[in-house]
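Visitor: Below you will find the structure I want to go over with you.
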Amino acid sequence: MEIVDKFLAKVGTDKVLHFLVGALFVAWASMLGVLYMWGALILLPFICIFKEVADDSGSFKDVVAGLIGGVSSVAIYWLMQLVLLV
């Protein structure tokens, strides 16, 4: 647990939450199909930017964290598809 606490102190809880929500949003869409996954990934930057504009202390790093979460979700999806083919 100490490792997690150090990571959260270094990166910040807010950025980790943006990463997780971005990844979850794309992962849920991928359950509906590949086109929904790509659509969610295209929609994700607009959602992240809108959220940060509406937020009082908006940060560009939060937008980047959400986008990295979405891209990592797509990468994991394609890795899982590769494993299923083998």
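The values are calculated or read from the model by the stated rules, or taken from the named source; none is laboratory data. For clarity, every value in this text was computed on a predicted model and none was experimentally measured. To get the accessible areas, we keep the full protein, side chains included, count just its heavy atoms, and leave off ligands, DNA and RNA. Shrake-Rupley method; radii C 1.70, N 1.55, O 1.52, S 1.80 Å.
Visitor: By how many nm would the segment from Lys51 to Val34 lengthen if fully extended, with 0.36 nm per residue of separation less the alpha-carbon distance?
Guide: Values: separation 17, 0.36 × 17 = 6.12 nm, distance 2.52 nm.
Fully extending the segment from Lys51 to Val34 adds 3.6 nm.
Visitor: Another question about this same structure. Which entry in (i) 6.7; (ii) 5.8; (iii) 5.4 is this structure's computed mean projected area of the Cα convex hull in nm²?
Guide: (i)
Visitor: So which lysines can Lys51 reach, going by Cα to Cα under 25 Å and dropping same-chain residues fewer than 8 places off?
Guide: Within the straight-line limit of under 25 Å, Lys51 reaches these lysines: Lys10, Lys15, Lys61.
Visitor: Using a 1.4 Å probe and ignoring any ligands, DNA or RNA, find the accessible area of Met80 and quote it in Å² to the nearest 10.
Guide: 110 Å²
Visitor: Please report, as a whole percent, how much of the solvent-accessible surface of the chain comes from carbon and sulfur atoms (probe radius 1.4 Å).
Guide: 78 percent
Visitor: Next question, about the same structure. Which value, in Å², gives the accessible area per residue of the chain when a 1.4 Å probe is used on the protein heavy atoms?
Guide: Roughly 74 Å² per residue, with all protein chains present.
Visitor: Going by alpha carbons, how many degrees (0 to 90, nearest 10) lie between the helix axis of 60-85 and the longest principal axis of the chain?
Guide: 20 degrees
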